[in-house]
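So the structure is just underneath, and the comments pick up after that.
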Amino acid sequence: MAKFKKKKSAPTPESGDTKTNSVKDEAPSAPEIPETEKSTPTSNSPQIPDISEAEKNAKDKKLSKLFWMRIALAIIAGISATFIFEDIEGEDRRWSSIGLMIVLFLGTIIIAKGMKLPSSDRKKVFTQAIGSYVFLYLFSWIVSYTLVNVGIGSSGINI
């Protein structure tokens, strides 16, 4: 259950209130606000370095390059997975393709570490375009597999 703070202000005058004269006599006072202490940085608190515009632009350019590299790699790898794993049948084909997708993504992480991004962006190296990479890889793999094998199957709907 929520706890409410009691009001410390004077009651509002009502028509049958006998204390209306005493409330009118008192002048409203400004609420007392305690002064805040100025915090001084201690040796234990981390210092956030100032980043210049040039460094920020260079960092953004590198992250953008990483993003588009992963997008292009996802599309190329998805299409090539159709032909690389053509001889494998059933579930093994699916798991081999997913394994290739993971290995190539780990390869992009190694390339991204070579881009000399600041250590504060270590999380960005792993998460930059991961969703786009996975979905574009799977989309391009499924579409290319469907286009290559459109006339092979005898079951299904013929157009």
ask   = Of everything in the range 31-69 that's acidic (Asp, Glu) and at pLDDT below 70, which residue is nearest to Lys123 (Cα to Cα)?
value = Asp50
request  = For Met101, work out the one condition from (1) modelled with pLDDT under 90; (2) touching a helix residue (DSSP H, G or I) at 6+ places or on another chain (Cβ under 7 Å) it doesn't fulfil.
outcome  = (1)
message = Take the residues in the range 120-150 that are more than 20 Å from the chain's Cα centre (by Cα) and not in a helix (DSSP H, G or I); name whichever of them is farthest from Ile110 (Cα to Cα).
response = Val150
note = Counting only residues in the range 103-119 that are in a loop (DSSP other than H, G, I, E, B) and not hydrophobic (A, V, I, L, M, F, W, C), the one surrounded by the most Cβ atoms within 10 Å (Cβ to Cβ) is identified as Pro118
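Say whether the condition of being more than 18 Å from Val134 (Cβ to Cβ), at pLDDT 90 or above and in a helix (DSSP H, G or I) is met by at least one residue in the range 18-30.
Our first condition is that a residue be more than 18 Å from Val134 (Cβ to Cβ); within the range 18-30, this holds for 18-30.
Filter once more, so that each one left must be at pLDDT 90 or above: none.
Checked against the condition, which is being more than 18 Å from Val134 (Cβ to Cβ), at pLDDT 90 or above and in a helix (DSSP H, G or I), the range 18-30 yields no hits at all.
Check the range 82-95 and report whether any residue there is out of contact with any Gly (no Cβ under 8 Å at 6 or more places or on another chain), closer than 30 Å to Val150 by Cβ and small (Gly, Ala, Ser).
Checking the range 82-95: at least one residue is out of contact with any Gly (no Cβ under 8 Å at 6 or more places or on another chain), closer than 30 Å to Val150 by Cβ and small (Gly, Ala, Ser).
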key: Check on Leu100, free of Cβ contacts under 8 Å to residues at least 24 places away in the same chain, of a type in the set (A, V, I, L, M) and surrounded by 12 or more Cβ atoms within 10 Å (Cβ to Cβ)   = yes
Any pair with Cβ under 6 angstrom, 6 or more apart, that starts in the range 50-65 at a residue that is under 11 Å from Pro118 (Cα atoms) and ends at one that is at pLDDT below 85 = Lys62/Leu117
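The values are calculated or read from the model by the stated rules, or taken from the named source; none is laboratory data. Worth saying up front: this structure is predicted, and the values here are computed from it rather than measured. Note: ideal-geometry Cβ built from the backbone for every residue, glycine included; neighbour counts use all protein chains shown.
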